[in-house]
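Working notes, structure below.
The values are calculated or read from the model by the stated rules, or taken from the named source; none is laboratory data. Predicted model, so just to flag it, every value in this text is computed and none were measured. Here Cβ is always computed from backbone atoms with ideal geometry, including for glycine, and neighbour counts include all displayed protein chains. For accessibility, only protein heavy atoms count, side chains too; no ligands or nucleic acids. Shrake-Rupley method; radii C 1.70, N 1.55, O 1.52, S 1.80 Å.
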Amino acid sequence: MTTSTITLKERAAAAIAAVPTGLYINGQWSEAASGARTDVLNPATEEVLASIADGGPQDAQRAIEVAAATQKTWGRTPPRERSLILRRAYELVMERQEELALVMTAEMGKPLAEAKGEVAYAAEFLRWFSEEAVRIGGDATLSGDGKTRILVTREPVGPCVLVTPWNFPLAMGARKIGPAIAAGCTMVFKPAHLTPLSSFALTQILAEAGLPAGVLNVVCSSEAGSVVGPWMSSGLARKISFTGSTGVGVKLLEQASEHVMRSSMELGGNAPFIVFEDADLDAAVEGAMIAKMRNMGEACTAANRLFVHRSVADDFAARLAARMSSLVVGDGIAEGTQVGPLVEEKALRKVEELVADARAKGAAVVCGGERVGNAGFFYAPTVLSGVSSESALMSQEIFGPVAPIIPFDAEDEVLALANDTPWGLVGYVYTRDVERGFRVTEALEVGMCGLNTGLVSNPAAPFGGVKASGLGREGGRVGIEEFLEMKYLALPRA
Ligand code: NAP
(Lines give C-alpha, C1' and ligand atoms only; values in the text may rest on other atoms or scores of the structure.)
Protein backbone atom coordinates (compact mmCIF):
# COMPACT_ATOMS: atom_id res chain seq x y z
CA MET A 1 0.00 0.00 0.00
CA THR A 2 1.46 3.39 -0.98
CA THR A 3 1.55 6.41 1.32
CA SER A 4 -0.94 8.22 -0.91
CA THR A 5 -3.37 5.28 -0.63
CA ILE A 6 -3.17 5.34 3.17
CA THR A 7 -3.90 9.06 3.15
CA LEU A 8 -6.83 8.59 0.80
CA LYS A 9 -8.21 5.75 2.93
CA GLU A 10 -8.02 7.96 6.00
CA ARG A 11 -9.74 10.76 4.14
CA ALA A 12 -12.43 8.36 2.93
CA ALA A 13 -13.03 7.13 6.48
CA ALA A 14 -13.36 10.72 7.70
CA ALA A 15 -15.72 11.61 4.82
CA ILE A 16 -17.91 8.58 5.58
CA ALA A 17 -17.94 9.35 9.31
CA ALA A 18 -19.22 12.87 8.51
CA VAL A 19 -22.27 11.57 6.60
CA PRO A 20 -25.50 11.36 8.67
CA THR A 21 -26.95 7.84 8.76
CA GLY A 22 -30.54 8.34 9.89
CA LEU A 23 -33.84 9.07 8.19
CA TYR A 24 -34.32 12.72 7.21
CA ILE A 25 -37.88 13.88 7.86
CA ASN A 26 -39.07 17.45 8.33
CA GLY A 27 -35.50 18.74 8.52
CA GLN A 28 -34.42 16.33 11.29
CA TRP A 29 -32.23 13.24 11.18
CA SER A 30 -33.76 10.46 13.27
CA GLU A 31 -33.79 6.71 13.86
CA ALA A 32 -36.39 4.42 12.26
CA ALA A 33 -39.55 3.95 14.35
CA SER A 34 -38.60 0.27 14.71
CA GLY A 35 -35.06 1.20 15.78
CA ALA A 36 -33.74 -1.13 13.04
CA ARG A 37 -30.45 -0.49 11.28
CA THR A 38 -28.83 -2.07 8.23
CA ASP A 39 -25.22 -2.19 7.04
CA VAL A 40 -23.62 -0.62 3.98
CA LEU A 41 -20.70 -2.62 2.56
CA ASN A 42 -17.63 -1.72 0.53
CA PRO A 43 -17.79 -3.99 -2.57
CA ALA A 44 -14.00 -3.90 -2.98
CA THR A 45 -13.25 -5.26 0.49
CA GLU A 46 -16.62 -6.64 1.66
CA GLU A 47 -16.08 -4.63 4.89
CA VAL A 48 -18.90 -2.79 6.65
CA LEU A 49 -18.62 0.94 5.93
CA ALA A 50 -21.55 2.24 7.93
CA SER A 51 -24.79 1.27 9.58
CA ILE A 52 -27.87 3.25 8.57
CA ALA A 53 -31.42 3.61 9.89
CA ASP A 54 -33.60 0.94 8.24
CA GLY A 55 -36.93 2.65 7.53
CA GLY A 56 -40.35 0.98 7.40
CA PRO A 57 -44.03 1.78 6.80
CA GLN A 58 -44.42 4.02 9.88
CA ASP A 59 -41.48 6.18 8.82
CA ALA A 60 -42.80 6.27 5.26
CA GLN A 61 -46.17 7.52 6.48
CA ARG A 62 -44.58 10.28 8.56
CA ALA A 63 -42.43 11.38 5.59
CA ILE A 64 -45.28 11.58 3.07
CA GLU A 65 -47.50 13.48 5.52
CA VAL A 66 -44.75 16.05 6.03
CA ALA A 67 -44.18 16.36 2.26
CA ALA A 68 -47.91 16.86 1.68
CA ALA A 69 -48.21 19.43 4.47
CA THR A 70 -45.20 21.40 3.15
CA GLN A 71 -46.34 21.47 -0.49
CA LYS A 72 -48.60 24.50 -0.28
CA THR A 73 -46.03 26.92 1.18
CA TRP A 74 -43.11 25.51 -0.78
CA GLY A 75 -45.02 25.64 -4.06
CA ARG A 76 -45.55 29.38 -3.55
CA THR A 77 -41.91 30.34 -2.87
CA PRO A 78 -40.44 32.80 -5.36
CA PRO A 79 -38.65 30.98 -8.19
CA ARG A 80 -35.49 33.01 -7.51
CA GLU A 81 -35.40 31.67 -3.94
CA ARG A 82 -35.54 28.07 -5.21
CA SER A 83 -32.97 28.91 -7.85
CA LEU A 84 -30.51 30.29 -5.29
CA ILE A 85 -30.83 27.21 -3.06
CA LEU A 86 -29.91 25.02 -6.03
CA ARG A 87 -27.05 27.32 -7.02
CA ARG A 88 -25.60 27.23 -3.49
CA ALA A 89 -25.99 23.43 -3.43
CA TYR A 90 -24.14 23.22 -6.76
CA GLU A 91 -21.27 25.24 -5.31
CA LEU A 92 -21.13 23.18 -2.12
CA VAL A 93 -21.11 19.91 -4.08
CA MET A 94 -18.22 21.15 -6.21
CA GLU A 95 -16.32 22.41 -3.13
CA ARG A 96 -16.68 18.91 -1.65
CA GLN A 97 -16.10 17.00 -4.87
CA GLU A 98 -13.19 14.98 -3.44
CA GLU A 99 -14.98 13.99 -0.24
CA LEU A 100 -18.18 13.05 -2.06
CA ALA A 101 -16.18 11.00 -4.57
CA LEU A 102 -14.41 9.13 -1.76
CA VAL A 103 -17.76 8.24 -0.18
CA MET A 104 -19.16 7.12 -3.55
CA THR A 105 -16.15 4.95 -4.41
CA ALA A 106 -16.29 3.31 -0.99
CA GLU A 107 -19.98 2.40 -1.17
CA MET A 108 -20.33 1.65 -4.89
CA GLY A 109 -16.88 0.63 -6.11
CA LYS A 110 -16.25 2.88 -9.13
CA PRO A 111 -12.68 4.21 -9.53
CA LEU A 112 -12.10 7.53 -7.81
CA ALA A 113 -11.60 9.45 -11.08
CA GLU A 114 -14.99 8.23 -12.31
CA ALA A 115 -16.57 9.08 -8.96
CA LYS A 116 -15.24 12.64 -9.25
CA GLY A 117 -16.70 12.78 -12.74
CA GLU A 118 -20.08 11.69 -11.41
CA VAL A 119 -19.97 14.31 -8.65
CA ALA A 120 -19.42 17.02 -11.29
CA TYR A 121 -22.19 15.51 -13.46
CA ALA A 122 -24.58 15.50 -10.48
CA ALA A 123 -23.66 19.07 -9.53
CA GLU A 124 -24.38 20.20 -13.07
CA PHE A 125 -28.02 19.07 -12.72
CA LEU A 126 -28.32 21.36 -9.67
CA ARG A 127 -26.81 24.28 -11.60
CA TRP A 128 -28.86 23.56 -14.73
CA PHE A 129 -32.12 23.49 -12.81
CA SER A 130 -31.18 26.56 -10.75
CA GLU A 131 -31.21 28.29 -14.13
CA GLU A 132 -34.51 26.67 -15.20
CA ALA A 133 -36.35 27.60 -11.95
CA VAL A 134 -36.66 31.21 -13.10
CA ARG A 135 -37.62 30.37 -16.68
CA ILE A 136 -40.89 28.46 -16.13
CA GLY A 137 -43.02 29.63 -19.02
CA GLY A 138 -46.68 29.97 -19.92
CA ASP A 139 -48.79 30.73 -22.92
CA ALA A 140 -51.45 33.26 -23.93
CA THR A 141 -53.52 32.78 -27.09
CA LEU A 142 -56.94 33.47 -28.53
CA SER A 143 -59.48 30.81 -29.44
CA GLY A 144 -60.15 30.27 -33.14
CA ASP A 145 -63.35 32.30 -33.08
CA GLY A 146 -61.63 35.13 -31.19
CA LYS A 147 -64.12 34.96 -28.33
CA THR A 148 -61.94 33.43 -25.60
CA ARG A 149 -58.55 34.37 -24.15
CA ILE A 150 -56.63 31.19 -23.34
CA LEU A 151 -54.04 31.60 -20.58
CA VAL A 152 -51.85 28.61 -19.76
CA THR A 153 -49.75 28.65 -16.59
CA ARG A 154 -47.63 25.98 -14.93
CA GLU A 155 -47.87 24.81 -11.35
CA PRO A 156 -45.82 22.32 -9.35
CA VAL A 157 -47.28 18.84 -9.80
CA GLY A 158 -47.29 18.29 -6.02
CA PRO A 159 -45.55 15.91 -3.61
CA CYS A 160 -43.28 13.51 -5.52
CA VAL A 161 -42.01 10.02 -4.77
CA LEU A 162 -38.39 9.65 -5.93
CA VAL A 163 -36.70 6.24 -6.13
CA THR A 164 -33.14 5.78 -7.41
CA PRO A 165 -30.72 2.89 -8.16
CA TRP A 166 -27.23 2.19 -6.81
CA ASN A 167 -25.21 2.56 -10.01
CA PHE A 168 -24.98 6.38 -10.07
CA PRO A 169 -25.52 7.06 -6.37
CA LEU A 170 -25.35 10.87 -6.56
CA ALA A 171 -26.34 11.79 -10.12
CA MET A 172 -29.61 9.84 -10.27
CA GLY A 173 -30.87 11.66 -7.16
CA ALA A 174 -29.65 15.08 -8.33
CA ARG A 175 -31.34 14.57 -11.72
CA LYS A 176 -34.70 14.30 -9.91
CA ILE A 177 -34.22 16.54 -6.87
CA GLY A 178 -32.90 19.44 -9.02
CA PRO A 179 -36.00 19.81 -11.21
CA ALA A 180 -38.38 19.01 -8.33
CA ILE A 181 -36.93 21.88 -6.27
CA ALA A 182 -36.91 24.18 -9.31
CA ALA A 183 -40.57 23.41 -10.02
CA GLY A 184 -41.63 23.85 -6.38
CA CYS A 185 -42.44 20.23 -5.52
CA THR A 186 -41.90 18.58 -2.15
CA MET A 187 -40.41 15.09 -2.11
CA VAL A 188 -40.13 11.75 -0.39
CA PHE A 189 -36.96 10.05 -1.56
CA LYS A 190 -35.75 6.46 -1.24
CA PRO A 191 -32.19 5.87 -2.45
CA ALA A 192 -30.92 2.32 -3.06
CA HIS A 193 -29.97 0.59 0.18
CA LEU A 194 -26.63 -0.56 -1.30
CA THR A 195 -25.43 3.03 -1.81
CA PRO A 196 -27.37 5.44 0.44
CA LEU A 197 -24.46 7.49 1.79
CA SER A 198 -24.00 9.69 -1.29
CA SER A 199 -27.70 10.61 -1.14
CA PHE A 200 -27.48 11.39 2.57
CA ALA A 201 -24.47 13.64 1.90
CA LEU A 202 -26.43 15.44 -0.84
CA THR A 203 -29.38 15.87 1.54
CA GLN A 204 -27.06 17.41 4.12
CA ILE A 205 -25.69 19.80 1.48
CA LEU A 206 -29.17 20.85 0.33
CA ALA A 207 -30.13 21.65 3.94
CA GLU A 208 -26.95 23.69 4.29
CA ALA A 209 -27.82 25.49 1.06
CA GLY A 210 -31.09 26.63 2.67
CA LEU A 211 -33.67 24.05 1.59
CA PRO A 212 -36.52 24.45 4.09
CA ALA A 213 -37.51 21.60 6.40
CA GLY A 214 -40.12 19.25 4.95
CA VAL A 215 -39.32 19.85 1.27
CA LEU A 216 -37.02 16.82 0.91
CA ASN A 217 -37.69 13.79 3.13
CA VAL A 218 -35.40 10.79 2.84
CA VAL A 219 -36.14 7.26 4.02
CA CYS A 220 -33.88 4.37 3.10
CA SER A 221 -34.81 0.75 3.75
CA SER A 222 -33.51 -2.76 3.20
CA GLU A 223 -37.13 -3.58 2.19
CA ALA A 224 -37.83 -1.06 -0.58
CA GLY A 225 -41.49 -1.99 -0.95
CA SER A 226 -42.19 -1.38 2.75
CA VAL A 227 -41.44 2.32 2.23
CA VAL A 228 -42.34 2.99 -1.40
CA GLY A 229 -45.58 0.95 -1.24
CA PRO A 230 -47.16 3.16 1.47
CA TRP A 231 -46.13 6.28 -0.46
CA MET A 232 -47.77 5.01 -3.64
CA SER A 233 -51.00 4.01 -1.91
CA SER A 234 -51.18 7.09 0.37
CA GLY A 235 -53.15 9.22 -2.06
CA LEU A 236 -50.94 12.13 -0.90
CA ALA A 237 -48.23 11.81 -3.56
CA ARG A 238 -49.04 13.20 -7.02
CA LYS A 239 -46.05 11.87 -8.92
CA ILE A 240 -43.57 9.00 -9.07
CA SER A 241 -40.15 9.53 -10.63
CA PHE A 242 -38.28 6.23 -10.74
CA THR A 243 -34.92 5.11 -12.07
CA GLY A 244 -34.16 1.42 -11.99
CA SER A 245 -35.01 -1.88 -13.58
CA THR A 246 -37.95 -2.35 -15.94
CA GLY A 247 -39.41 -5.07 -13.66
CA VAL A 248 -39.69 -2.74 -10.66
CA GLY A 249 -40.78 0.16 -12.91
CA VAL A 250 -43.72 -1.89 -14.18
CA LYS A 251 -44.78 -2.72 -10.60
CA LEU A 252 -44.64 0.97 -9.67
CA LEU A 253 -46.70 1.91 -12.75
CA GLU A 254 -49.34 -0.56 -11.58
CA GLN A 255 -49.29 1.04 -8.13
CA ALA A 256 -49.38 4.54 -9.66
CA SER A 257 -52.58 3.68 -11.48
CA GLU A 258 -54.52 3.49 -8.18
CA HIS A 259 -54.35 7.27 -7.73
CA VAL A 260 -53.53 8.11 -11.37
CA MET A 261 -50.13 9.55 -10.45
CA ARG A 262 -47.94 11.31 -13.01
CA SER A 263 -45.15 8.85 -13.80
CA SER A 264 -41.59 9.28 -15.05
CA MET A 265 -39.71 6.05 -15.61
CA GLU A 266 -35.99 5.76 -16.43
CA LEU A 267 -35.64 2.01 -16.87
CA GLY A 268 -33.27 -0.59 -18.23
CA GLY A 269 -31.52 -0.76 -21.60
CA ASN A 270 -29.97 -3.20 -24.05
CA ALA A 271 -27.92 -0.79 -26.15
CA PRO A 272 -26.71 -1.81 -29.61
CA PHE A 273 -23.26 -0.48 -30.60
CA ILE A 274 -22.98 -0.71 -34.39
CA VAL A 275 -19.69 -0.45 -36.25
CA PHE A 276 -19.93 -0.26 -40.05
CA GLU A 277 -17.10 -1.28 -42.38
CA ASP A 278 -16.27 2.36 -43.22
CA ALA A 279 -15.97 3.45 -39.57
CA ASP A 280 -12.82 4.98 -38.12
CA LEU A 281 -11.88 1.85 -36.17
CA ASP A 282 -9.65 3.66 -33.68
CA ALA A 283 -12.52 6.01 -32.83
CA ALA A 284 -14.96 3.08 -32.66
CA VAL A 285 -12.71 1.20 -30.21
CA GLU A 286 -12.33 4.36 -28.13
CA GLY A 287 -16.11 4.86 -28.16
CA ALA A 288 -16.71 1.22 -27.23
CA MET A 289 -14.36 1.56 -24.26
CA ILE A 290 -16.47 4.45 -22.96
CA ALA A 291 -19.86 2.99 -23.84
CA LYS A 292 -18.93 -0.40 -22.36
CA MET A 293 -16.55 0.32 -19.51
CA ARG A 294 -17.92 3.48 -17.91
CA ASN A 295 -19.02 2.42 -14.43
CA MET A 296 -17.56 -1.11 -15.00
CA GLY A 297 -20.38 -1.71 -17.47
CA GLU A 298 -22.97 -1.12 -14.72
CA ALA A 299 -24.86 1.55 -16.65
CA CYS A 300 -28.25 1.59 -18.33
CA THR A 301 -26.45 3.20 -21.29
CA ALA A 302 -23.80 0.45 -21.46
CA ALA A 303 -23.15 -1.02 -24.91
CA ASN A 304 -24.72 -4.44 -24.38
CA ARG A 305 -24.45 -5.83 -27.92
CA LEU A 306 -21.55 -4.85 -30.19
CA PHE A 307 -22.55 -5.45 -33.82
CA VAL A 308 -19.47 -5.18 -36.03
CA HIS A 309 -19.38 -5.55 -39.82
CA ARG A 310 -17.90 -8.97 -40.64
CA SER A 311 -15.07 -7.43 -42.72
CA VAL A 312 -13.68 -5.59 -39.68
CA ALA A 313 -14.98 -7.74 -36.81
CA ASP A 314 -11.72 -9.62 -36.12
CA ASP A 315 -9.64 -6.46 -36.31
CA PHE A 316 -12.07 -4.62 -34.01
CA ALA A 317 -12.12 -7.55 -31.52
CA ALA A 318 -8.31 -7.68 -31.40
CA ARG A 319 -7.97 -3.92 -30.86
CA LEU A 320 -10.72 -3.84 -28.23
CA ALA A 321 -9.21 -6.84 -26.43
CA ALA A 322 -5.80 -5.13 -26.37
CA ARG A 323 -7.35 -2.09 -24.69
CA MET A 324 -9.57 -4.10 -22.34
CA SER A 325 -6.82 -6.42 -21.13
CA SER A 326 -4.53 -3.47 -20.36
CA LEU A 327 -7.01 -2.03 -17.84
CA VAL A 328 -5.98 -2.07 -14.19
CA VAL A 329 -8.58 -3.84 -12.01
CA GLY A 330 -8.66 -3.08 -8.29
CA ASP A 331 -10.07 -1.16 -5.36
CA GLY A 332 -11.40 2.09 -6.81
CA ILE A 333 -9.56 4.13 -4.20
CA ALA A 334 -6.12 2.78 -5.18
CA GLU A 335 -4.01 4.92 -7.47
CA GLY A 336 -4.13 3.78 -11.08
CA THR A 337 -7.29 1.65 -10.78
CA GLN A 338 -9.40 1.81 -13.95
CA VAL A 339 -11.95 -0.92 -13.19
CA GLY A 340 -13.48 -1.35 -9.75
CA PRO A 341 -15.54 -4.22 -8.33
CA LEU A 342 -19.14 -5.00 -9.24
CA VAL A 343 -21.60 -3.77 -6.66
CA GLU A 344 -22.36 -7.06 -4.89
CA GLU A 345 -21.85 -10.81 -5.00
CA LYS A 346 -25.17 -11.35 -6.82
CA ALA A 347 -24.04 -9.04 -9.64
CA LEU A 348 -20.77 -10.95 -9.99
CA ARG A 349 -22.60 -14.31 -10.12
CA LYS A 350 -24.93 -12.99 -12.83
CA VAL A 351 -22.01 -11.91 -15.05
CA GLU A 352 -20.31 -15.28 -14.52
CA GLU A 353 -23.48 -17.09 -15.55
CA LEU A 354 -24.03 -14.94 -18.65
CA VAL A 355 -20.47 -15.53 -19.86
CA ALA A 356 -20.73 -19.29 -19.19
CA ASP A 357 -23.98 -19.40 -21.18
CA ALA A 358 -22.46 -17.46 -24.12
CA ARG A 359 -19.46 -19.83 -24.18
CA ALA A 360 -21.71 -22.88 -24.08
CA LYS A 361 -23.49 -21.43 -27.14
CA GLY A 362 -20.27 -21.02 -29.12
CA ALA A 363 -18.67 -17.70 -28.11
CA ALA A 364 -14.88 -17.49 -27.88
CA VAL A 365 -13.19 -15.58 -25.04
CA VAL A 366 -10.77 -13.09 -26.63
CA CYS A 367 -9.72 -11.74 -23.21
CA GLY A 368 -10.88 -11.94 -19.60
CA GLY A 369 -13.78 -14.27 -18.94
CA GLU A 370 -13.27 -14.81 -15.23
CA ARG A 371 -13.47 -13.43 -11.72
CA VAL A 372 -10.41 -11.58 -10.38
CA GLY A 373 -9.21 -12.41 -6.83
CA ASN A 374 -11.24 -13.95 -4.03
CA ALA A 375 -12.18 -10.96 -1.90
CA GLY A 376 -14.32 -8.20 -3.39
CA PHE A 377 -16.55 -8.61 -6.42
CA PHE A 378 -14.07 -8.12 -9.27
CA TYR A 379 -14.56 -9.39 -12.82
CA ALA A 380 -11.96 -9.13 -15.59
CA PRO A 381 -12.66 -6.86 -18.59
CA THR A 382 -13.86 -9.37 -21.15
CA VAL A 383 -14.27 -9.53 -24.92
CA LEU A 384 -16.32 -12.36 -26.43
CA SER A 385 -16.36 -12.98 -30.17
CA GLY A 386 -18.71 -14.97 -32.36
CA VAL A 387 -21.59 -14.57 -29.89
CA SER A 388 -24.76 -16.43 -30.86
CA SER A 389 -28.05 -14.55 -30.96
CA GLU A 390 -29.43 -17.33 -28.72
CA SER A 391 -27.12 -16.28 -25.85
CA ALA A 392 -28.86 -14.93 -22.76
CA LEU A 393 -26.66 -11.80 -22.74
CA MET A 394 -28.24 -10.70 -26.03
CA SER A 395 -31.61 -10.31 -24.33
CA GLN A 396 -30.56 -9.23 -20.82
CA GLU A 397 -28.62 -6.31 -19.38
CA ILE A 398 -25.12 -7.66 -18.68
CA PHE A 399 -24.31 -4.92 -16.13
CA GLY A 400 -20.65 -5.89 -16.09
CA PRO A 401 -17.39 -5.40 -18.03
CA VAL A 402 -18.22 -7.86 -20.82
CA ALA A 403 -18.26 -6.87 -24.50
CA PRO A 404 -19.96 -9.45 -26.77
CA ILE A 405 -19.14 -9.00 -30.47
CA ILE A 406 -21.65 -10.12 -33.07
CA PRO A 407 -20.61 -9.95 -36.75
CA PHE A 408 -23.13 -8.72 -39.36
CA ASP A 409 -23.18 -8.41 -43.15
CA ALA A 410 -25.83 -5.86 -44.13
CA GLU A 411 -27.43 -2.65 -42.86
CA ASP A 412 -31.00 -4.03 -42.90
CA GLU A 413 -29.86 -7.13 -41.03
CA VAL A 414 -28.13 -5.15 -38.26
CA LEU A 415 -31.08 -2.79 -37.86
CA ALA A 416 -33.44 -5.73 -37.41
CA LEU A 417 -31.08 -7.27 -34.84
CA ALA A 418 -30.57 -3.98 -32.99
CA ASN A 419 -34.32 -3.34 -32.71
CA ASP A 420 -35.12 -6.93 -31.75
CA THR A 421 -35.43 -6.13 -28.04
CA PRO A 422 -38.17 -4.84 -25.75
CA TRP A 423 -35.84 -2.00 -24.65
CA GLY A 424 -35.09 1.28 -26.40
CA LEU A 425 -32.87 3.51 -24.31
CA VAL A 426 -29.80 4.29 -26.41
CA GLY A 427 -27.92 3.16 -29.50
CA TYR A 428 -24.43 3.93 -30.83
CA VAL A 429 -23.47 4.04 -34.52
CA TYR A 430 -20.01 4.35 -36.07
CA THR A 431 -19.75 5.22 -39.76
CA ARG A 432 -18.03 7.86 -41.89
CA ASP A 433 -21.03 7.98 -44.24
CA VAL A 434 -23.17 10.94 -43.11
CA GLU A 435 -26.27 9.77 -44.99
CA ARG A 436 -26.04 6.30 -43.47
CA GLY A 437 -25.44 7.83 -40.05
CA PHE A 438 -28.76 9.70 -40.24
CA ARG A 439 -30.60 6.78 -41.84
CA VAL A 440 -29.53 4.28 -39.19
CA THR A 441 -29.95 6.53 -36.15
CA GLU A 442 -33.44 7.47 -37.39
CA ALA A 443 -34.35 3.79 -37.78
CA LEU A 444 -33.14 2.73 -34.33
CA GLU A 445 -36.01 2.42 -31.83
CA VAL A 446 -34.33 4.35 -29.01
CA GLY A 447 -34.71 7.60 -27.10
CA MET A 448 -31.05 8.59 -27.53
CA CYS A 449 -28.33 7.94 -30.10
CA GLY A 450 -24.60 8.52 -30.24
CA LEU A 451 -23.27 8.98 -33.78
CA ASN A 452 -19.50 8.42 -33.70
CA THR A 453 -19.46 8.89 -29.94
CA GLY A 454 -19.77 6.48 -27.03
CA LEU A 455 -21.17 9.01 -24.57
CA VAL A 456 -24.62 10.60 -24.64
CA SER A 457 -25.24 11.58 -20.99
CA ASN A 458 -25.36 15.36 -20.67
CA PRO A 459 -27.35 17.49 -18.19
CA ALA A 460 -28.31 19.84 -21.03
CA ALA A 461 -29.85 17.01 -23.08
CA PRO A 462 -33.14 15.10 -22.64
CA PHE A 463 -32.21 11.69 -21.19
CA GLY A 464 -34.68 8.83 -21.52
CA GLY A 465 -35.92 5.92 -23.54
CA VAL A 466 -38.79 4.43 -25.51
CA LYS A 467 -40.44 0.99 -25.34
CA ALA A 468 -39.61 -0.83 -22.07
CA SER A 469 -36.86 1.71 -21.30
CA GLY A 470 -39.26 4.22 -19.89
CA LEU A 471 -41.52 7.22 -19.95
CA GLY A 472 -40.51 10.88 -19.91
CA ARG A 473 -37.14 12.62 -20.01
CA GLU A 474 -34.69 13.90 -17.41
CA GLY A 475 -32.40 16.89 -17.89
CA GLY A 476 -32.38 19.36 -20.74
CA ARG A 477 -35.04 22.01 -21.27
CA VAL A 478 -37.84 19.44 -20.83
CA GLY A 479 -36.57 18.03 -17.51
CA ILE A 480 -38.52 20.50 -15.40
CA GLU A 481 -41.77 19.83 -17.31
CA GLU A 482 -41.95 16.40 -15.68
CA PHE A 483 -42.54 18.20 -12.36
CA LEU A 484 -45.02 20.79 -13.63
CA GLU A 485 -48.72 20.60 -14.33
CA MET A 486 -50.44 22.88 -16.85
CA LYS A 487 -53.43 24.96 -15.88
CA TYR A 488 -55.61 26.62 -18.51
CA LEU A 489 -57.69 29.66 -17.68
CA ALA A 490 -60.51 30.66 -20.06
CA LEU A 491 -61.44 34.37 -20.20
CA PRO A 492 -64.31 35.54 -22.38
CA ARG A 493 -63.41 38.42 -24.73
CA ALA A 494 -66.08 40.96 -25.42
P1 NAP B 1 -33.87 -1.91 -9.14
O2 NAP B 1 -33.63 -3.19 -8.48
O3 NAP B 1 -35.07 -1.74 -9.98
O4 NAP B 1 -33.88 -0.82 -7.98
C5 NAP B 1 -34.06 0.55 -8.22
C6 NAP B 1 -34.65 1.19 -7.00
O7 NAP B 1 -35.95 0.63 -6.75
C8 NAP B 1 -33.85 0.96 -5.73
O9 NAP B 1 -33.95 2.08 -4.90
C10 NAP B 1 -34.56 -0.23 -5.12
O11 NAP B 1 -34.36 -0.34 -3.74
C12 NAP B 1 -35.99 0.10 -5.44
N13 NAP B 1 -36.90 -1.04 -5.41
C14 NAP B 1 -36.61 -2.34 -5.57
N15 NAP B 1 -37.74 -3.08 -5.46
C16 NAP B 1 -38.75 -2.22 -5.23
C17 NAP B 1 -40.15 -2.38 -5.01
N18 NAP B 1 -40.75 -3.57 -5.02
N19 NAP B 1 -40.90 -1.27 -4.79
C20 NAP B 1 -40.33 -0.06 -4.79
N21 NAP B 1 -39.01 0.15 -4.98
C22 NAP B 1 -38.23 -0.91 -5.20
O23 NAP B 1 -32.64 -1.47 -10.04
P24 NAP B 1 -31.11 -1.43 -9.64
O25 NAP B 1 -30.58 -2.81 -9.64
O26 NAP B 1 -30.92 -0.61 -8.41
O27 NAP B 1 -30.50 -0.58 -10.84
C28 NAP B 1 -30.16 -1.13 -12.03
C29 NAP B 1 -31.24 -0.90 -13.06
O30 NAP B 1 -31.51 0.50 -13.18
C31 NAP B 1 -30.84 -1.36 -14.44
O32 NAP B 1 -31.92 -1.99 -15.06
C33 NAP B 1 -30.48 -0.05 -15.14
O34 NAP B 1 -30.57 -0.12 -16.53
C35 NAP B 1 -31.48 0.88 -14.56
N36 NAP B 1 -31.04 2.28 -14.68
C37 NAP B 1 -31.69 3.08 -15.57
C38 NAP B 1 -31.27 4.38 -15.75
C39 NAP B 1 -31.97 5.29 -16.72
O40 NAP B 1 -31.77 6.50 -16.63
N41 NAP B 1 -32.76 4.78 -17.66
C42 NAP B 1 -30.19 4.88 -15.02
C43 NAP B 1 -29.56 4.03 -14.11
C44 NAP B 1 -30.00 2.73 -13.95
P45 NAP B 1 -33.15 -1.22 -3.14
O46 NAP B 1 -32.04 -1.14 -4.12
O47 NAP B 1 -32.85 -0.57 -1.87
O48 NAP B 1 -33.68 -2.61 -3.01
If ligands, DNA and RNA are left out, what is the accessible area of I398 with a 1.4 Å probe, given in Å² to the nearest 10? 0
Debye calc, one equal point scatterer per Cα of segment 271-459, no solvent, log10 I(q)/I(0) at q = 0.09, 0.11 1/Å comes to -0.29, -0.43
Highest to lowest packing among 340-351, 283-294, scored as the average C-beta count within 10 Å: 283-294, 340-351
Sorted by average packing, counted as other Cβ atoms within 10 angstrom per residue and highest first, what order do 310-319, 230-239, 26-35 take? 230-239, 310-319, 26-35
Find which of L252, A284, G336 sits farthest along the positive direction of the dipole of segment 240-382, computed with +1 on the beta-carbon of Lys and Arg, -1 on that of Asp and Glu, about the Cα centre. L252
Under Stokes-Einstein, the chain at 25 °C and 0.890 mPa s, with its Kirkwood radius over C-alpha pairs, diffuses with a coefficient in µm²/s of 105
Treating the Cα atoms of segment 407-486 as identical point scatterers in vacuum, please give the log10 of the normalised Debye intensity I(q)/I(0) at q = 0.26 Å⁻¹, two decimals. -1.27
Return one number: the angle in degrees, 0 to 90 and rounded to the nearest 10, between the long axis of the Cα atoms of helix 345-360 and the longest principal axis of the Cα atoms of the chain. 40
Trypsin sites (Lys or Arg not before Pro) within segment 125-229: DSSP coil, no more than 14 neighbouring Cβ in 10 Å: K147
In whole percent, and with a 1.4 Å probe on the protein chains, what portion of the accessible area of the chain is carbon and sulfur? 53
Rounded to the nearest 500, what is the 222 nm mean residue ellipticity of the chain from helices alone, with -39500 (n - 2.57) per DSSP H run of 4+ residues and division by all residues? -13000 deg cm²/dmol
For L489, project a label point 7 Å along Cα to C-beta. Then give me every residue of segment 113-135 with its amide nitrogen under 20 Å of that point. 134-135
May I ask which of K190/K350; K292/K361; K176/K467; K116/K251; K9/K116; K72/K239 have a Cα-Cα span longer than 27 Å here? K116/K251
Dipole magnitude of the chain about its Cα centre (Cβ charges: Lys, Arg +1; Asp, Glu -1), debye to nearest 20: 1700
Per residue accessible area of the chain, 1.4 Å probe, in Å²: 39
Taking every DSSP bridge whose two residues both lie in segment 271-459, the antiparallel percent to the nearest 5 is 20
Determine the order of K251, K467 by accessible area, beginning with the largest, at a probe radius of 1.4 Å. K251, K467
With point charges of +1 on the Cβ of Lys and Arg and -1 on the Cβ of Asp and Glu, referenced to the Cα centre of the chain, which listed residue (L354, T70, T431) lies farthest in the positive direction of the dipole? T70
Tally Lys/Arg at +1 and Asp/Glu at -1 over every other residue whose Cβ is under 13 Å from the Cβ of D420; what's the total? -2
Test of understanding: what is the full-extension gain from E411 to E445, defined as 0.36 nm times their sequence separation minus their Cα-Cα distance? 10.8 nm
